[in-house]
Amino acid sequence: MTPIRSASAAALASAVLATTLTGCQFGADEQDTSPIVIAADLELSGAAAPAGKAYQRALELKVEQLNSSGALNGRKVELRVKDNRSDASESLRNIGDFSNDSQVSGIIMGGCNECAVGAVRTINEKRIPTIALAASSAVSSPVAERRYVFKLSPNATDSAAALAAEMRRKGVRKAGVLHSEDAYGREGLTALRAEFAKAGIKLLREEAVRTTDTEVGQQVRNLTAKKVDALVVWTTAEQATLAATAAQQAKFEGALFFDAATAGDLFLGSRAAERATLVFTQTMVIDDVIATTPAKAARRQWFQDYTARFGGYNGSSSFAADAVQLITDAELRSGGEPGQVDRDGIRDVLETTQLDGLSGPIRMTPDNHSGLMPQALTTLVARNGRWRLAG
């Protein structure tokens, strides 16, 4: 195991300083040393296992960093993980088990849209604060029906706006879209249609793929046959790689544009994606960025710690790490009795969260439980087998 750098510990200590000071003021008589228990429902097997395992690595590293930081006022974070096998029914059982455990302060759910949406009723009935890393807006909206559910991932409308702006800048006039046949894929297609209309881009054809599909060649051939200037890929990361390869085999000479949900590993397994454009957070390429602020320095340190530990980087890892930070901070600030978990207090704190996180600026409000700000997204380009800042 690679030791956590002192710089990382200093950054973490700074990040939670305000919460720990509050705890000291009110905990002088009886210091709370109980663990902060965070549960995680992840796709560790099944179709979505690659993403789920990346989340698990990020959660474990972040917990280790927090526990080593000395900034939790004598407390430690404890992570409890269950595999939902990429199945919404199994996920719901996990959520039920976690919510019945009075020690659990909050739940982090993985990237499965159907799992998160399917668990909303149970989460609300059990009144357990939950942060989902899934992308669909139905996870956290409408807020009135999802009071205990929060979302931490790029929003379809923000991603579509950024993609259309970059396509217009590059002179794209005609496009095709390959999207996943799920809630987020359909939401993305709707958002792209609206943004294309504003940008003067004509959508000539769209094709859908199931999230479990391991062959997308026919759909890509159908799209490239329309002589489009650009192909937008709005799928899983694994399918995006398949689409890039299929486009190359079809001798497609136009540009490839990837939605934020396609982001996976920093290093690309296929040269077919060379020069493709990806809309994602800056954390993916933070080693290209000069650390001019404490937040950028923390992101750079996170990137370095993650790559040192695991030999590479996964773009979505920062969302999982930020979810741990949010629940930990909320527990420290909730004002519950020592040794007692105040889930309503944690929910109330989460709902007013403002954090310059590893993923970028995060703002939760009573009217918006999807916290990643549009400013967190930037434009990346594939160069020499890895993602780099565009420009």
Whole-Å distance linking the alpha carbon centroid of the stretch 353-384 with that of the stretch 325-341 is 23
Which whole-Hz couplings ³J(HN,Hα) result when phi for each residue of the stretch 56-68 is put into the Karplus expression 6.51 cos²θ - 1.76 cosθ + 1.60, θ = phi - 60°, listed in order with x for Gly and Pro?
4, 4, 5, 4, 5, 5, 5, 4, 4, 5, 4, 5, 8
Between the Cα axis of helix 237-249 and the main Cα principal axis of the chain, the angle (0 to 90°, nearest 10) is 10
In square nanometres and to one decimal, what's the mean projected area of the convex hull around the Cα atoms of the chain?
17.7
Can you work out ³J(HN,Hα) from phi for every residue in the stretch 375-391, in order, using Karplus 6.51 cos²θ - 1.76 cosθ + 1.60 and θ = phi - 60°, giving whole Hz and x for Gly and Pro?
5, 6, 8, 9, 9, 10, 9, 7, 9, 6, x, 8, 7, 9, 4, 6, x
Given points 7 Å out from each Cα along the Cα-Cβ axis, report the A144 to D288 separation in nanometres with one decimal.
4.4
Not counting ligands, DNA or RNA, and with a 1.4 Å probe, what is K170's accessible surface area in Å² rounded to the nearest 10?
100
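For K170 and K76, what is the calculated FRET efficiency with R₀ set at 51 Å and r taken between the beta-carbons, to the nearest 0.05?
Once rounded, the FRET efficiency stands at 0.55.
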Cross-link candidates for K53: which lysines have Cα within less than 29 Å, leaving aside residues fewer than 8 places away along the same chain?
K62, K76, K82, K126, K151, K296
Which of the lysines could a cross-linker span from K174 if the Cα-Cα distance has to be under 16 Å and same-chain partners fewer than 8 positions apart are dropped?
K198, K202, K226, K227
Out of residues 5 or more away from E207 or on other chains, whose amide H comes under 5 Å of its own, with H placed 1.01 Å from N in the peptide plane?
V177, L178, H179
Can you show me the helix-derived [θ] at 222 nm for the chain, built from DSSP H runs with n ≥ 4 at -39,500 (n - 2.57) apiece and divided by the number of residues, rounded to the nearest 500.
-13000 deg cm²/dmol
Can you tell me the convex hull volume per residue for the stretch 323-364, based on C-alpha atoms, in Å³ to the nearest whole number?
59
Rolling a 1.4 angstrom probe over the protein chains, ignoring ligands and nucleic acids, what is the accessible area of V289 in square angstrom, nearest 10?
20
Once the Cα atoms of helix 294-310 and of the chain are each reduced to a long axis, what angle between those two axes, in degrees from 0 to 90 to the nearest 10, is obtained?
80
Given the stretch 249-326, what whole percent of its Cα pairs are spread farther than 14 Å?
67
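Accessible area, 1.4 Å probe, largest first: how do T307, T130, T211, T157 sort? Intermediate results must be reported in sequence, preceding the final value.
Details: T307 40, T130 0, T211 60, T157 85 Å².
Largest accessible area first, the residues go T157, T211, T307, T130.
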Quick query: amide H of R383 versus all other amide H atoms, modeled in the peptide plane; which residues come in under 5 Å with a sequence gap of 5 or more or a different chain?
R275, R388
In the chain, with Lys and Arg counted as +1 and Asp and Glu as -1 at Cβ, which of these residues, Q354, V81, S136, has the Cα nearest the positive end of the dipole, that is, farthest along it?
S136
What distance in nm separates the two pseudo spin-label positions at A308 and N100, each 7 Å out from Cα along the beta-carbon direction?
4.3
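The values are calculated or read from the model by the stated rules, or taken from the named source; none is laboratory data. All values reported here derive from a predicted model rather than from experimental measurement. Note: ideal-geometry Cβ built from the backbone for every residue, glycine included; neighbour counts use all protein chains shown. Areas reflect the complete protein model, heavy atoms only, side chains present, ligands, DNA and RNA absent. Shrake-Rupley method; radii C 1.70, N 1.55, O 1.52, S 1.80 Å.
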